[in-house]
Amino acid sequence: MIKKLIMALFVAIFSVSCQDESSMKDLSIQSETPDLIGDYHNEILKNFIVYYSQDVQSTGSNTSDFVQIMANYGVAVLKTYKNDPPSSNIDKWVEGVLNKSLDSTQLKIIEILGTGRSMSEAIEIVFGADKISSIVKSYLIELNRTIDQYKGTPSFQDKVNIIRARYYGSASQDDRTIITWTSILAKGSHEYWNQECNNWNPSLKGRFWDFGKRVLVADAIGGLEYILATKIGLIAGPISWKIGAAYAALNSVLAGVEDILLNTQSRSSITEETIKNISKEEIYKAYLKRKAELGIN
């Protein structure tokens, strides 16, 4: 329960290739390098945990507590991008990120991953088996195995690089984008949680990977989710790695905040029902209020 999560914070420091072209849009990915997608993702999480730790008054309502989480997430995105703004109106850009992050597919994916399903299974259940190519599916299956076997070890980064190289050469341009984003996000997320998990819950020192797999796999496929949701028209394009980084970072918050802070493996209480009656305007107003409270312009 999110109320329990808030209480726990008092003792924490505070964390495609298209198979059916008739039903999918052209990717139209902006021609910008995604090399920093993992770094931006990690910076958003670092900022989030700082701001949220200062804002721990539970409202007594899962819905209101979720609005509180999203407001702090929005400010974390703002802080991360304010020195390199993707738009002349940074607040409106953040509003767009918040709106994209409220699409129902994100919560469905996280819930499925919480049952122990693999990344490829979660994607196929939510988007359909025909929305990813056989190469991407094979890549995700092998990445999932690598996470199971090497998470928390010094070998993880190299193993992910090897998998990326194995599939990249024979992939289409669209699939190369998916493989690149997913690999960078997996490595960035792994690095972040290895270094920063104690700031979320000090009691997890040396034990994070007993609980952290769901966070890592949710992070890793956050960019792919965003690409697919854009291609089928659930969220508006053009596709940008900067939005992909923010989208994946919220996966960390939604998938991991309860598990990590409460040191449990229970499924998250943030569900589609939680956000059913929350408007985009309510989230944006809460973001503007939190931004003013923190004095961030």
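Below is a table of values for the structure above.
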read-out	value
Among residues of the range 86-138, those that are in a loop (DSSP other than H, G, I, E, B) and under 19 Å from Gly233 (Cβ atoms), counted	5
Any pair with Cβ under 6 angstrom, 6 or more apart, that starts in the range 41-68 at a residue that is farther than 21 Å from Ile243 by Cβ and among the charged types (D, E, K, R) and ends at one that is at pLDDT below 90 and not in a loop (DSSP other than H, G, I, E, B)	Asp65/Ile2
Matching helices (runs of 4 or more DSSP H) fully within the range 193-268 where at least 3 residues are modelled with pLDDT under 85 and of a type outside the set (Asp, Glu)	241-262
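The values are calculated or read from the model by the stated rules, or taken from the named source; none is laboratory data. Since the structure is predicted, the reported quantities are computational estimates derived from the model, not experimental observations. As a convention, Cβ positions derive from the backbone with ideal geometry for all residues, glycine included, and neighbour counts pool all protein chains shown.
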